[in-house]
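Everything below concerns the one structure shown next.
The values are calculated or read from the model by the stated rules, or taken from the named source; none is laboratory data. A quick note: this is a predicted structure, and the numbers were derived from the prediction, not measured. Neighbour counts are summed over all protein chains in view; Cβ atoms, including those assigned to glycine, are modelled from backbone coordinates with ideal geometry. We work out accessible area using only protein heavy atoms, side chains counted, and drop any ligands, DNA or RNA first. Shrake-Rupley method; radii C 1.70, N 1.55, O 1.52, S 1.80 Å.
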Amino acid sequence: MNTPYYQAIGKEVDVFEYGYKCKLPFLLKGPTGTGKSRFIEHMAHKLSTKLITISCHEETSSTDLIGRFIIKGAETIWLDGPLTTAVKEGSILYLDEIAEARPDVIVAIHSLTDHRRELFIDKLGETIKAHDNFMLVASFNPGYQRGFKELKPSTRQRFVSVSFAYPEPKIEAQILVFETGIESGIAKKLVNIATKIRNLTELGLTETVSTRLLVDAAKLIHVGLPKRLAVHVAVIEPLTDDLEVIQALKDLSDLMI
């Protein structure tokens, strides 16, 4: 399998590799669609390490991560959760959108994010030392989360952190061309639309145009959907349900592509 494509913007690849050597927990910060998940897929492949990903939400509990007892036939057996599995086998565990998880998840990982590097399994009364190759990685969207959930400073300070942002226009256009095969000129126009909308802060959008949305639009254009329609359905409609804002953004994008 080929290494998942990722276009480095700064020194994040180097920082991650050194963090992995030092067995330090890692936090990826930034708005949605800036390549955080692709980055961690790229790094796991580059380091020849298994990656276990958990998409956190408000129902994600420590039991989901650590494990639970299940009934199998006439007996009760223990089933390791993904965190316990990663700790034992030395995988990278990626907690995507960690601020969305329940508070007990944060409590459960604390002893893995300091010098102890161990996991306590309350239901078994056991403490497991992390495998030498285990790494805990989390992502967080500061200020972009639904309900503006934040990570406590005491939690943030347990991680080496790297901020992700949207690439500069030239690099973002290159990403679109590589990911979709779209013509360079159209890629540049898509990036120009995104840049314009990102700067329209007065619209009060909860999220703005991500590179991911541009990739979706580029894919649709590449297979034959009219350019303006592709931008409408892949970029503008996902941003808001406000009909007036949608129409204004459609008018704007139509002038630019």
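A few comments on the model shown:
- Prolate/oblate/rounded label for segment 218-257 (Cα gyration tensor, a/c 1.5): oblate
- Computed over segment 110-257, the ratio Rg/Rh where both radii use C-alpha atoms and Rh is Kirkwood: 1.14
- At the residue level, Tyr18 shows approximately 140 square angstrom of accessible surface with a 1.4 angstrom probe and all protein chains present.
- Residue order by solvent-accessible surface for Lys11, Lys123, Lys227 is Lys11, Lys123, Lys227, largest first, with ligands and nucleic acids left out and a 1.4 Å probe.
- Toward the positive end of the charge dipole of segment 1-46, with +1 on the Cβ of Lys and Arg and -1 on the Cβ of Asp and Glu, the farthest Cα among Tyr6, Cys22, Gly35 is that of Cys22.
- Amide N of segment 45-70 lying under 14 Å from the label point, which is placed 7 angstrom from the Cα of Glu126 along Cα→Cβ: 66-70
- Antiparallel DSSP beta bridges within the chain, as percent of all bridges there, nearest 5: 35
- Ligands, DNA and RNA excluded, the heavy atoms of His42 present near 30 Å² of accessible surface to a 1.4 Å solvent probe.
- Projected label points at Thr206 and Ser154, each 7 Å from Cα along the beta carbon direction, are separated by 3.0 nanometres.
- For the chain, the carbon plus sulfur part of the accessible surface works out to 53%, probe radius 1.4 Å.
- Ranking Ser139, Ser37, Ser48 by solvent-accessible area of protein heavy atoms (1.4 Å probe, all protein chains present), from largest to smallest, gives Ser48, Ser37, Ser139.
- Ranked by solvent-accessible area (1.4 Å probe, protein heavy atoms only, all chains present), the residues Glu41, Glu12, Glu168, Glu17 order from largest to smallest as Glu168, Glu41, Glu17, Glu12.
- Beta bridges per DSSP with both ends in segment 64-175, % antiparallel, nearest 5: 70
- When the surface is traced with a 1.4 Å probe over the full set of protein chains, Val87 keeps roughly 0 Å² accessible.
- Between Tyr18 and Met256, the FRET efficiency from the beta-carbon distance, with R0 = 45 Å, is close to 0.65.
- With a Förster radius of 35 Å applied to the C-beta separation of Ile70 and Lys50, the computed FRET efficiency comes to 0.90.
- P(r) histogram, all alpha-carbon pairs of segment 1-127 included - 5 Å bins from 0, percent: 2, 9, 18, 21, 20, 14, 9, 4, 2, 1, 0, 0
- Rg/Rh for segment 75-181 (Cα atoms only, Rh after Kirkwood) is 1.08.
- On Cα atoms only, tilt of 211-222 relative to the major axis of the chain in degrees: 50
- Overall form of the chain per C-alpha gyration tensor (a/c, 1.5; a/b vs b/c): prolate
- Label-point separation in nm, Ser61 to Asn2, each point 7 Å along Cα→Cβ: 4.4
- Cα gyration tensor shape of segment 1-66, rounded if a/c is under 1.5, else prolate or oblate by comparing a/b with b/c: prolate
- Segment 1-125 - accessible surface per residue (Å², probe 1.4 Å): 49
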